[in-house]
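Participant: First the structure, then my questions, so here it is.
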Amino acid sequence: METISFFDGRKIPLERHKVRIVQQLNLLPVEERLARLKEASSNLYLLHNKDIFLDMLTDSGVNAMSDRQQSAMMRADDAYAGSESFFRLEKTVQDIFGMEHFLPAHQGRGCEKVLADLLVKPGDIVPMNYHFTTSRAHIERCGGEVIEFLIPEGLNCQSDYPFKGNFDTKALAKFLEENNDRVPFVRIEAGTNLIGGQPFSFGNLKEAAAICRKHDIPLVMDASLLQDNLYFLKIKDEECKDLSLREIMRAVADECDIIYFSARKLGFARGGGICMRESELVNPLKELIVLNEGFLTYGGMSVREIEAIAVGLEETLDLAITSQGPEFIAYMVDELEKRGIPVVTPAGGLGCHLDASRFVPHIPQEQYPAAALAAALYIAGGIRGMERGTLSENRDDDGNEKIAEMELLRLAMPRRVFTLSQIDYAIDRVTWLFENRDLIGGLRFEHEPKILRFFLGKLAPLSDWQERLAEKFSRDLPDSL
Ligand code: F0G
C-alpha cells in the first residue's frame, strides 16, 4: 500500500489535497456561546451555523467536493425527464456495483421509505446487524419490527476487534430457521453508524448472504458508509488486502440483492438511490419513486448534484481520497486515548466517538449524558457534535424511556474539510472538558417530539452547570476566545 512516512518518525496523517476555496469560520467568545446554547434549548441542531466554529455534527452533505466534481456540475443537463446527467450516474453505478437498475431518491431516507412501503407489512421483522434511526423509523411506521444481530463485541467501546459491525451469523441463521415467513428482507449496514462507524468483514458479509440465499430472503445493504468500510476491508481484511478498492466494491455488491445509499455520504454530494438486479420488485419500486421522490431520471435530486455524485463515486475508489477520513479519525482517537479520555476503539469511520458513559459517569442515562456532553463541548470550544445515545431513542408504547445500549458523542469528520491543526484544537478542548467533567450536569426535555426527538426536541439543564462551566473556561483560558 502506498504510504508516506515522515523522516523524523512522526506518525500524522498527511492531506493529499490542497485547499482552493475557503469559508471563513467564526469563533464566538464563551459568554456568547453560552447564550446561543440557551437560545437553542441545549439542542445543537437548533444552532445557527454561523455560531459554530467546528461543525462536527455530521459528514452528511458537508464533505468537501473536488475540482472534478465542481466542473462536472457545470455541464449538468436540466430536464424533468431523460436528463443526460442521470444516464451518466446510472452508468457509473452500473459499472461500480454491477447492478442493472438504479432508482434515484432525494436522500437515504427516501430510499428507506419506499423500500419499507413496498416490503414491510404489520407483524414483519427485519433483522439487521444494527439499526440506523431513519431506517428503523420507516420499518416501524409500516408496522414492522427491527431485531439486531450484532456480534456482542460490537457494543464494547474498548476493543481492538477490527470488525465490530459484523453480524452474529449463528444467531441470524437460527432466527431465520424459525421465522423466515415474517422476514421481508435482511438489512446489513456498512460502516455501522450508531456503534461508532464500525465495519463488517468480507467473510461475515458472505456468511450473512449465504444464510439469506438459503431462505430466499433478499439481502439489502445500506451502503451510506460503505466508503469507510471499503477502506477497512482493504487495510484490515486478509481476504481483501490484495484487491483494489474497485474490486472490493464489486465483490461486496455481488453478495447483495439490493444496495441503497445516502449520497450525502457515499459520493460526496447530496442525494441517494437504490441499486438492484432484475426482479419483480423493480417495477413496483419505480412506481413508489415516481410517487414519492420524483421522476425516474432525477428522484428529487438536482441534476448538478447528480453529476457530482457520479464523479464522487468514482473518487471513492481512490485510496488516497478514501483514506483521508479514517486516518484523521484514527489520529484524533489515538491522541485522546493517550490523554486517558474515553473514546470508542478501534477508531472507525465517520467520526471520533467519545464514550459519554465513561466521560460523565455521574449523569444517569435518563438525564441524557451524551447530549449534555455535546452541549458542554459547544461551550468549551464552539464545537458541534452529535448525541448518539438515549436521546436518539424513542419512548416505548407505554411512554417509558428506552435506555440506549451506548451513550456516545460523535465528532464527525467531514472528508477533506478540516485541517490537522483544527483537529488538534478539538482534541485540546475535549481534554479541557475532561479535566472539568465534574462540572457537567444533566438535561431534561421541555418539549419532546414523538419520533426522532433528537432533531427538534427542546431541552433545559438540570442546574446552572452550563454557567459554571463557562465561568471556569474564562478563568482557565482568560486570553482565549
Ligand atoms: N443510513 C445511514 C447508515 C445513515 O448514516 C444515514 C444518515 C441514512 C441512512 C439516512 O440518509 O440522511 O441521506 O436521509 N446519516 C446522517 C448522519 C443523518 O449524520 O449520520 P439521509
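Just so it is clear, none of the values below were taken in a lab; they were calculated from the coordinates. Since the structure is predicted, the reported quantities are computational estimates derived from the model, not experimental observations. Please note: Cβ atoms are built from the backbone with ideal geometry, for glycine as well, and neighbour counts cover all protein chains shown.
Participant: Which length gain, in nm to one decimal place, applies between Arg68 and Glu239 when the Cα-Cα distance is subtracted from 0.36 nm times their residue separation? Working shown, then result.
Facilitator: Details: separation 171, 0.36 × 171 = 61.56 nm, distance 3.21 nm.
Between Arg68 and Glu239, full extension yields 58.4 nm more.
Participant: Counting each DSSP H run of 4 or more residues in the chain as -39500 (n - 2.57), what helix-only mean residue ellipticity at 222 nm follows after dividing by all residues, to the nearest 500 deg cm²/dmol? Before the final figure, lay out each step's value.
Facilitator: Values: 18 runs with 191 residues, N = 481.
Per the formula, -12000 deg cm²/dmol.
Participant: Counting other C-beta atoms within 10 Å, which of Lys402, Lys472 has the fewest, and how do the rest follow?
Facilitator: Listing Lys402, Lys472 from fewest to most nearby Cβ atoms yields Lys402, Lys472.
Participant: Moving to a separate point now. Could you tell me what a quarter of the Cα convex hull surface of the stretch 67-317 works out to, in nm² with one decimal place? Don't skip to the end; give the middle numbers.
Facilitator: Details: hull surface 50.7 nm².
Dividing the Cα hull surface by four gives the mean projection, 12.7 nm².
Participant: May I pose another question? Divide, for the stretch 413-481, the radius of gyration over alpha carbons by 2.2 N^0.38 Å, where N is the residue count.
Facilitator: Normalised Cα radius of gyration, the stretch 413-481: 1.44.
Participant: If you place +1 on the Cβ of every Lys and Arg, -1 on the Cβ of every Asp and Glu, and leave all else neutral, what size is the dipole of the chain about its Cα centre, to the nearest 20 Debye?
Facilitator: Value, rounded to 20: 800 debye.
Participant: Rule-of-thumb check for the chain: C-alpha Rg over 2.2 N^0.38 Å?
Facilitator: 0.96
Participant: Distance cut-off 28 Å, Cα to Cα: go down the list Lys38/Lys472; Lys91/Lys121; Lys91/Lys286; Lys164/Lys402; Lys50/Lys472 and report the pairs above it.
Facilitator: From Lys38/Lys472; Lys91/Lys121; Lys91/Lys286; Lys164/Lys402; Lys50/Lys472, over 28 Å: Lys91/Lys121.
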